[in-house]
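The values are calculated or read from the model by the stated rules, or taken from the named source; none is laboratory data. Computed from a predicted model, the values in this text were never measured in an experiment. No Cβ is skipped: glycine too gets one built from the backbone with ideal geometry, and neighbour counts run over all protein chains shown. In case anyone asks, the SASA skips ligands and DNA or RNA and just uses the protein heavy atoms, side chains included. Shrake-Rupley method; radii C 1.70, N 1.55, O 1.52, S 1.80 Å.
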Amino acid sequence: AQTVTQSQPEMSVQEAETVTLSCTYDTSESDYYLFWYKQPPSRQMILVIRQEAYKQQNATENRFSVNFQKAAKSFSLKISDSQLGDAAMYFCAYRRGDNDMRFGAGTRLTVKP
Amino acid sequence: DTGVSQDPRHKITKRGQNVTFRCDPISEHNRLYWYRQTLGQGPEFLTYFQNEAQLEKSRLLSDRFSAERPKGSFSTLEIQRTEQGDSAMYLCASSPDSHSNQPQHFGDGTRLSIL
């Protein structure tokens, strides 16, 4: 079974600074997809960024980028120039094919003004 | 694009009662997923549909749980004889067909509280 581990239950960052959230996963597959979702308090989950395992280039979306290390099965999220609106729970997720997604337990990010 | 809609947003009921939740996916999405999320945890997969066909069910989906998507559009999730442990946020998500790299779009969820 595929498992996703987020080892940081909570993280804190100063506004305008950079923070990295960690995620590791366990799989025997070679073709899969990885996602980071953001869940603000009492609001719906929204996609932050995604990565196809067959792509070596790390995905980037504005201030958000990933460090995808396939051999190490690591998929960290870097948030640059952190903003107050980035405060949320962040979930790392794994998906193989058209199957369901497996989520990590989440990291609560606090942004200090 | 009105997004994924879930109803109700909150449900409070007594233990032993039956509850039903509804999910309206994004209109052109053929796949529909149900997840359960408890406090401090990530969503856990329950079941998913490809159009009206229920293709996979998690072991978390006990006999008291049933999901339907009769016309391949909206879906319902029913919990019979609710128990304290059923208290959670129930999330619905949808995605286009056969595009695995496409993200699932989530609704706001239905928060169930069992008294």
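On the basis of being farther than 18 Å from A:GLN83 by Cβ and of a type outside the set (Phe, Trp, Tyr), does A:ASN62 make the cut?
For A:ASN62, the condition - farther than 18 Å from A:GLN83 by Cβ and of a type outside the set (Phe, Trp, Tyr) - is not met.
For the range A:4-24, which positions are assigned to a strand (DSSP E or B), within 11 Å of chain B (Cβ to nearest Cβ) and of a type outside the set (A, V, I, L, M, F, W, C)?
Of everything in the range A:4-24, those that are assigned to a strand (DSSP E or B), within 11 Å of chain B (Cβ to nearest Cβ) and of a type outside the set (A, V, I, L, M, F, W, C) turn out to be A:THR5, A:GLU10.
Among the residues in the range A:48-59, are any in contact (Cβ under 8 Å) with a residue 40 or more places away in the chain, over 15 Å from the mean Cα position of the chain (by Cα) and within 28 Å of B:ASP108 (Cβ to Cβ)?
The answer is no; no qualifying residue exists.
I'd like the full set of residues that are open to solvent by 30 Å² or more (accessible area, probe 1.4 Å) and more than 8 Å from every other protein chain (Cβ to nearest Cβ), limited to the range A:104-113.
Those that are open to solvent by 30 Å² or more (accessible area, probe 1.4 Å) and more than 8 Å from every other protein chain (Cβ to nearest Cβ): A:ARG108, A:THR110, A:LYS112, A:PRO113.
Which condition does A:MET101 not pass, out of (1) open to solvent by 30 Å² or more (accessible area, probe 1.4 Å); (2) closer than 24 Å to B:LEU60 by Cα, if it passes all the others?
(1)
The rows are residues; the columns are (1) touching a strand residue (DSSP E or B) at 6+ places or on another chain (Cβ under 8 Å); (2) at pLDDT 95 or above; (3) away from every other protein chain (no Cβ under 11 Å).
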position	(1), (2), (3)
A:ASP26	yes, no, yes
A:ASP31	no, no, no
A:GLN69	yes, yes, yes
A:LYS78	yes, yes, yes
A:ASP81	no, yes, yes
A:LEU84	yes, yes, yes
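Which of the residues belonging to the range A:54-66 are surrounded by 16 or more Cβ atoms within 10 Å (Cβ to Cβ) and out of contact with any Lys or Arg (no Cβ under 6 Å at 6 or more places or on another chain)?
Hits for the range A:54-66 are A:ALA59, A:PHE64, A:VAL66.
Go through the range A:8-37 and report how many residues are under 22 Å from A:VAL111 (Cα atoms), open to solvent by 30 Å² or more (accessible area, probe 1.4 Å) and under 12 Å from the mean Cα position of the chain (by Cα).
Looking only at that region, the number is 3.
Somewhere in the range A:42-51, is a residue closer than 17 Å to B:GLN41 by Cβ and modelled with pLDDT of 95 or more?
no
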